[in-house]
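What follows is one structure encoded as structure tokens, with my remarks underneath.
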Amino acid sequence: MRSKIFVEVTARFDTDGSLTPLDLVWEDGRRYPIDRVLDVRRAASLKAGGAGVRYTVQIGRCRRFLYYDRPQWFVEGKD
């Protein structure tokens, strides 16, 4: 099973209550702007375990799943 990599996320709460991640900070301190949120749904991380809201995000040319499992954000680590 892959590990969870907990990341710092800057997010915006809109007036309708929706939560939109704007950028994330990787373990080494590098900040990556999220270019686009492609999908939002409640889902489990089948690779790392845990559940919450799964954001499919575009960061440059890379698509990643970003999970919000209150109160933390995480991505799936690679083996």
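Sequence-distant contacts, meaning Cα pairs under 8 Å at least 6 residues apart, place the relative contact order of the chain at 30 percent. Using the Cβ-Cβ distance between Arg41 and Asp16 with R0 set to 22 Å, the FRET efficiency from 1/(1 + (r/R0)^6) comes to roughly 0.80.
Using only side-chain charges placed at the Cβ, +1 for Lys and Arg and -1 for Asp and Glu, the dipole size of region 33-79 relative to its Cα centre rounds to 100 debye. Taking amide H as placed 1.01 Å from N in the peptide plane, Asp23 has its amide H under 5 Å from the amide H of Thr10, Ile34, each at least 5 places away in sequence or on another chain. The loop-placed GluC sites (Glu not before Pro) in the chain, going by DSSP, that have at most 12 neighbouring Cβ atoms within 10 Å of their Cβ come out as Glu27.
Taking the Cα centre of the chain as origin and assigning +1 to Lys and Arg Cβ atoms and -1 to Asp and Glu Cβ atoms, the resulting dipole is close to 280 debye.
Taken one residue at a time, the phi angles of region 57-69 give Karplus couplings (6.51, -1.76, 1.60, θ = phi - 60°) of 10, 9, 10, x, 9, 9, 9, 9, 8, 10, 9, 10, 10 Hz. Gly and Pro are set to x.
5 Å is the cut-off here: which amide hydrogens, built 1.01 Å from N in the peptide plane, fall below it relative to Val7, excluding neighbours closer than 5 in sequence? Here Trp73, Phe74, Val75 satisfy the definition.
Just so you know, all these numbers are worked out from the coordinates, no wet-lab data involved. Just so it is clear, the structure is predicted and the values come from calculations on it, not from any experiment. With ideal geometry, Cβ positions are generated from the backbone for all residues, glycine too; neighbour counts draw on all protein chains shown.
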